[in-house]
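Read through the structure below, which is laid out as structure tokens, and then see the notes.
The values are calculated or read from the model by the stated rules, or taken from the named source; none is laboratory data. Remember, predicted model here, so these are calculated numbers, not experimental data. Counting neighbours? That spans all protein chains shown, and the Cβs are built from the backbone with ideal geometry, glycine included. Each accessible area value is taken on the protein alone, full model and side chains, heavy atoms only, with ligands, DNA and RNA left out. Shrake-Rupley method; radii C 1.70, N 1.55, O 1.52, S 1.80 Å.
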Amino acid sequence: MIKLSKMHKRVLALSAILPIGSALAQTDAATTQPQLETVTVTAQRRAENIKDVPVSVTMLKAEKLDVLLSGGQDIRFLAGKVPSLNVESSNGRTFPRFYIRGYGNTDFSTFASQPVSLVYDDVVQENGILKGFPVFDVAGVEVLRGPQGTLFGRNTPAGVVKFESAKPNLDKIEGYYSASIATHMTSSVEAAANIPLSSEWAMRVSTLRQHRDDFVDNTWTKQNDSLEGYNEHAERVQFLYQPSTTFNALFNVHARSTTGSARLFRANLIKKGTNDFADGYDFTKISTDGLNFQNLTTNGANARLTWDLGSVKLFSITGYEGIDNYYTRGDIDGGSPANPPRFPVQTAGGIKQLSQYSQEFRVESKNAGPLNWQTGVYYFKENGTGFSDNFDSTTQAQTSDITSQQKNEAYAAFGSLTYDVTSDFTLRGGLRYTHDEKEFRTVNIWGNVSQVGPKSADVSKNKANWDLSGNYKINKDVSAYARVATGFRAPSIAAASSSVPITVADAETITSVEAGIKADLFNRRARASLSVYDYDVKNQQLTVVGGTSNVTKLINAAKTAGRGVEAEIEGFVTPDFKVSLSGSYNHTEIKDPSLYAAVCGTCTVTDPMVNGLASINGNPLPQAAKYIINASARYNWPLANGNLFVLTDWSYRSKVNFFLYESKEFTGKEMLEGGLRIGYNWADGKYELAGFARNITNTQRIIGGIDFNNLTGFVNEPRQFGVQFRGGF
């Protein structure tokens with residue numbers, strides 16, 4: 001259990017909440033005050049007031065999302081924007097990796113699994129490439145922290161990031177359009193239209209188009225403005241069929257296409273013995289002798305059917321997700337003959353084809369009494385073929401290929417009960433049984449690599465998970481909760497490389513305890529929440545990557561421990577001045593004296609070394625920031641025909657470790673990024689014109705690395721200025 005007396009440092013970053021609360025309390029009560037809208041979430045697969053849900057959850061919607069996405073950002077815009085959440089990628093705009101409460105997975109291999117599940121319109125996006133689908137025309141984004149395996153399943157021991165598209169309706173023709181232009185000719189165009197087709201049918205069409213010019217020079221090839229551009233487009237078409245009040249069907253078809261630069265790895269980026277930029281660093285220039293590009297096409301469809309049978313509701317959710325093509329190629333050493341040392345090797349990887357099918361049937365009670373329940377069954381099947389290729393940087397000729405195939409099949413049965421012990425005290429409990437099996441095969445290998453060990457691996461696992469929580473309404477505005485939950489991530493398999501055989505990591509399990517309080521304050525002019533948690537992970541799956549021999553393999557840690565605090569508050573200081581503040585403290589620690597990892601060739605390792613390997617016992621998990629803090633403020637000036645407003649938002653995260661071992665060079669510095677938006681809206685908010693800036697202070701940080709022998713790394717996005725127009729109809 002957590003000893004609060006030892007946590008004063010953890011809540012120090014959250015102490016700024018007190019002045020905000022004081023300011024809210026001192027506002028003249030006689031003045032007519034606005035109230036915050038009720039936030040409805042589906043963290044328990046039912047629509048509920050966020051205050052009544054015994055889970056640490058954050059909702060992003062409406063203007064918050066519009067501000068964060070205004071400059072054409074991809075899904076990594078979520079990194080550090082809510083407590084305990086980080087998102088990063090070594091593949092650029094594709095293959096994001098999510099971390100909640102410091103708990104995630106740095107594995108970049110084709111079939112890597114993650115302990116954070118991404119669910120889009122009730123359909124899990126299992127493969128990491130599917131998790132990068134753009135965010136547009138959504139009703140909201142929910143971040144559920146802690147194990148969610150009872151109701152969501154599919155590898156959710158760390159939590160769930162849940163997206164819900166805006167839905168069609170039968171009421172009227174309506175929609176919106178948005179266009180922005182920003183630095184480096186970055187453009188983003190988004191639009192949606194809801195069209196009733198009859199008294200029973202409605203359609204909603206949504207589209208997104210994003211572009212950025214290349215603006216980074218390759219000084220080795222003497223090609224100016226040749227890198228860092230992209231083209232992205234995505235579409236979604238939904239049909240609602242509602243012939244009666246007791247049945248409706250929602251059909252969804254969507255697709256994505258992306259081309260442009262892959263991640264730019266920069267050789268000799270880091271000054272030896274420090275985590276500073278090397279002298280002469282310039283974001284707009286790179287010296288690399290390798291090709292760099294990526295392309296991706298995905299498609300998907302789902303059908304959600306609902307029957308109201310009186311005493312119960314029946315749901316059927318059928319989903320398909322497919323990757324038609326994914327190819328990414330880059331110069332992983334990031335160097336050239338003019339920028340030694342280097343490896344004359346480029347790598348490419350991707351997926352030739354992947355299909356994912358899922359089916360869920362769920363029954364939900366509608367009892368007026370104290371007892372309610374839901375139960376269901378779930379089926380999941382995935383089949384994919386991926387590859388990893390090497391090329392000679394001098395001739396650009398392919399030198400090797402390893403092609404692998406994975407089949408994954410899983411099924412589960414689940415149920416949960418909710419019982420109102422009194423009008424103020426509610427108990428909830430859930431149970432899920434899962435069977436998961438994988439078949440992995442090396443189907444092709446040639447060139448200057450050879451298979452080490454067996455060419456196949458099969459694994460299967462059965463597991464039961466449960467959770468138990470209680471929610472107590474202290475009064476009509478304040479509730480407290482406590483929750484104990486377990487989670488499970490199925491075994492993972494990693495492909496062979498030139499010197500490492502196929503490796504298998506056993507299933508990992510988590511037991512998490514958390515407690516919290518949620519409150520509406522000052523006649524709902526403000527809202528606040530606070531949670532504390534403690535978890536233990538057994539057999540956590542970790543990925544050993546890099547080192548001088550470029551090792552990639554899976555291992556299990558005997559135990560990993562985590563604990564922390566999360567807090568959020570938002571509210572109106574005056575009717576025209578709204579502020580928000582959130583923060584988290586996450587402490588993680590690997591506890592396994594037997595674990596060692598290969599290290600970089602030229603960096604300064606700070607861990608104990610044994611036979612050339614670093615002991616990682618006691619280290620934090622990679623990409624686990626101890627502190628994340630967010631603050632925003634919006635001031636509005638009502639005018640005769642509209643409103644002038646200024647909005648600023650700031651996000652801070654403390655330092656992070658890039659790898660399992662610790663070194664001076666591969667430790668990312670703390671990072672603070674801010675945004676500013678100044679705009680005017682009119683016609684009751686129907687139209688808006690705004691200028692914006694992202695990363696307004698032009699903070700430059702190394703956010704990831706490749707640990708060969710030339711201190712290679714990659715960096716965050718530069719400052720961006722732009723203007724946006726948004727209209728509705």
The stretch 675-717, residues that are outside any strand (DSSP E or B), charged (D, E, K, R) and over 24 Å from F277 (Cα atoms): D684, K686
Pair list, Cβ under 9 Å, 6 or more apart: the stretch 179-204 residue touching a residue at least 24 places away in the same chain (Cβ under 8 Å), other residue in a helix (DSSP H, G or I): S188/L69; E190/L69
Residue satisfying all of: in the stretch 37-48; under 19 Å from N367 (Cβ atoms) and over 22 Å from the mean Cα position of the chain (by Cα); least open to solvent (accessible area, probe 1.4 Å) among these: E48
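Just give me the residues in the stretch 646-669 being within 30 Å of F572 (Cα to Cα), without any contact (Cβ under 8 Å) to a residue 40 or more places away in the chain, in a strand (DSSP E or B) and not β-branched (V, I, T), in sequence order. Write out each step before concluding.
Within the stretch 646-669, the first condition is being within 30 Å of F572 (Cα to Cα), and the residues that meet it are 646-654.
This time we only want the ones that are without any contact (Cβ under 8 Å) to a residue 40 or more places away in the chain, so: 646, 648, 650, 654.
Going one step further and asking which of them are in a strand (DSSP E or B), we end up with 646, 648, 650.
Once the filter is applied, which keeps residues that are within 30 Å of F572 (Cα to Cα), without any contact (Cβ under 8 Å) to a residue 40 or more places away in the chain, in a strand (DSSP E or B) and not β-branched (V, I, T), the stretch 646-669 yields only W650.
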Some residue of the stretch 381-391 being among the aromatic types (F, W, Y), at pLDDT below 95, open to solvent by 70 Å² or more (accessible area, probe 1.4 Å) and over 20 Å from L151 (Cα atoms): no
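Of these, G104, G132, which one is closer than 22 Å to A410 by Cβ, crowded, with 22+ Cβ neighbours inside 10 Å and among the small types (G, A, S)? Talk me through it step by step, then tell me what you get.
Details: G132 fails: closer than 22 Å to A410 by Cβ.
One residue alone meets the criteria, G104.
Which residue is surrounded by the fewest Cβ atoms within 10 Å (Cβ to Cβ), if the candidates are limited to the stretch 159-179 and must be among the acidic types (D, E) and assigned to a strand (DSSP E or B)? Give the derivation first.
So in the stretch 159-179, the residues among the acidic types (D, E) come out as 164, 171, 174.
With the extra rule that they be assigned to a strand (DSSP E or B), the set shrinks to 164, 174.
Working: E164: 17, E174: 14.
Per the criteria, the residue is E174.
Being free of Cβ contacts under 8 Å to residues at least 40 places away in the same chain, acidic (D, E) and either open to solvent by 40 Å² or more (accessible area, probe 1.4 Å) or more than 30 Å from Q33 (Cα to Cα) (or both): is that true of D506 here?
On the way: free of Cβ contacts under 8 Å to residues at least 40 places away in the same chain: no; acidic (D, E): yes; either open to solvent by 40 Å² or more (accessible area, probe 1.4 Å) or more than 30 Å from Q33 (Cα to Cα) (or both): yes.
When the stated conditions are applied, D506 does not pass them.
So which of V513, V565, V544 is surrounded by 22 or more Cβ atoms within 10 Å (Cβ to Cβ) and modelled with pLDDT of 95 or more? Let's see the steps before the verdict.
Details: V513 fails: surrounded by 22 or more Cβ atoms within 10 Å (Cβ to Cβ); V544 fails: modelled with pLDDT of 95 or more.
Criteria check complete, one pass: V565.
Starting from residues that are open to solvent by less than 20 Å² (accessible area, probe 1.4 Å) and not in a strand (DSSP E or B), keep the ones in the stretch 264-286 and report whichever is modelled with the lowest pLDDT.
Here is the first cut: in the stretch 264-286, the residues open to solvent by less than 20 Å² (accessible area, probe 1.4 Å) are 264, 266-267, 269-270, 286.
Narrowing the set further to residues that are not in a strand (DSSP E or B) leaves 264, 267, 269.
Values: L264: 94, A267: 91, L269: 94.
So the residue we want is A267.
For N252, are the conditions met, namely being at pLDDT 95 or above, part of a strand (DSSP E or B) and surrounded by 22 or more Cβ atoms within 10 Å (Cβ to Cβ)? Let's see the steps before the verdict.
On the way: at pLDDT 95 or above: yes; part of a strand (DSSP E or B): yes; surrounded by 22 or more Cβ atoms within 10 Å (Cβ to Cβ): yes.
When the stated conditions are applied, N252 passes them.
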Residue within the stretch 688-703 that is over 27 Å from the mean Cα position of the chain (by Cα), of a type outside the set (G, A, S) and more than 30 Å from S287 (Cβ to Cβ) present: yes
Near pairs, Cβ below 7 angstrom, 6+ apart or cross-chain, from the stretch 585-607 (farther than 18 Å from F659 by Cβ and in a loop (DSSP other than H, G, I, E, B)) to any residue that is open to solvent by 40 Å² or more (accessible area, probe 1.4 Å) and modelled with pLDDT of 90 or more: P593/N617
Failed criterion for V87 (all others in (1) farther than 28 Å from Y176 by Cα; (2) in contact (Cβ under 8 Å) with a residue 24 or more places away in the chain hold): (2)
Failed criterion for L672 (all others in (1) part of a loop (DSSP other than H, G, I, E, B); (2) of a type in the set (A, V, I, L, M); (3) open to solvent by 60 Å² or more (accessible area, probe 1.4 Å) hold): (1)
Evaluation of Y411 against (1) hydroxyl-bearing (S, T, Y); (2) in contact (Cβ under 8 Å) with a residue 40 or more places away in the chain; (3) assigned to a strand (DSSP E or B) (one fails), failing number: (2)
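Is there a residue in the stretch 296-307 that is modelled with pLDDT of 95 or more, over 21 Å from V123 (Cβ atoms) and open to solvent by 20 Å² or more (accessible area, probe 1.4 Å)?
Here is the first cut: in the stretch 296-307, the ones modelled with pLDDT of 95 or more are 296-307.
Of the ones still in play, those that are also over 21 Å from V123 (Cβ atoms) are none.
Checking the stretch 296-307: not a single residue is modelled with pLDDT of 95 or more, over 21 Å from V123 (Cβ atoms) and open to solvent by 20 Å² or more (accessible area, probe 1.4 Å).
For the stretch 572-581, how many residues are among the polar types (S, T, N, Q) and either out of contact with any Lys or Arg (no Cβ under 9 Å at 6 or more places or on another chain) or not in a strand (DSSP E or B) (or both)? Give the steps one after another, and end with the answer.
Initially, the stretch 572-581 is screened for residues among the polar types (S, T, N, Q), giving 574, 580.
Checking the rest, the ones that are also either out of contact with any Lys or Arg (no Cβ under 9 Å at 6 or more places or on another chain) or not in a strand (DSSP E or B) (or both) come to 574.
So the count comes out to 1.
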Positions within the stretch 403-431 being hydrophobic (A, V, I, L, M, F, W, C) and open to solvent by 20 Å² or more (accessible area, probe 1.4 Å), in sequence order: A413, L417, V421, F425, L427, L431
Those residues of the stretch 200-248 which are farther than 30 Å from F714 by Cα and among the hydrophobic types (A, V, I, L, M, F, W, C), in sequence order: W201, A202, M203, V205, V237, F239, L240, F247
Residues within the stretch 666-708 that are modelled with pLDDT of 95 or more, charged (D, E, K, R) and closer than 30 Å to T543 by Cβ, tallied: 4
Scope the stretch 475-494; condition crowded, with 20+ Cβ neighbours inside 10 Å and over 20 Å from G104 (Cα atoms); matching residues: S479, Y481, R483
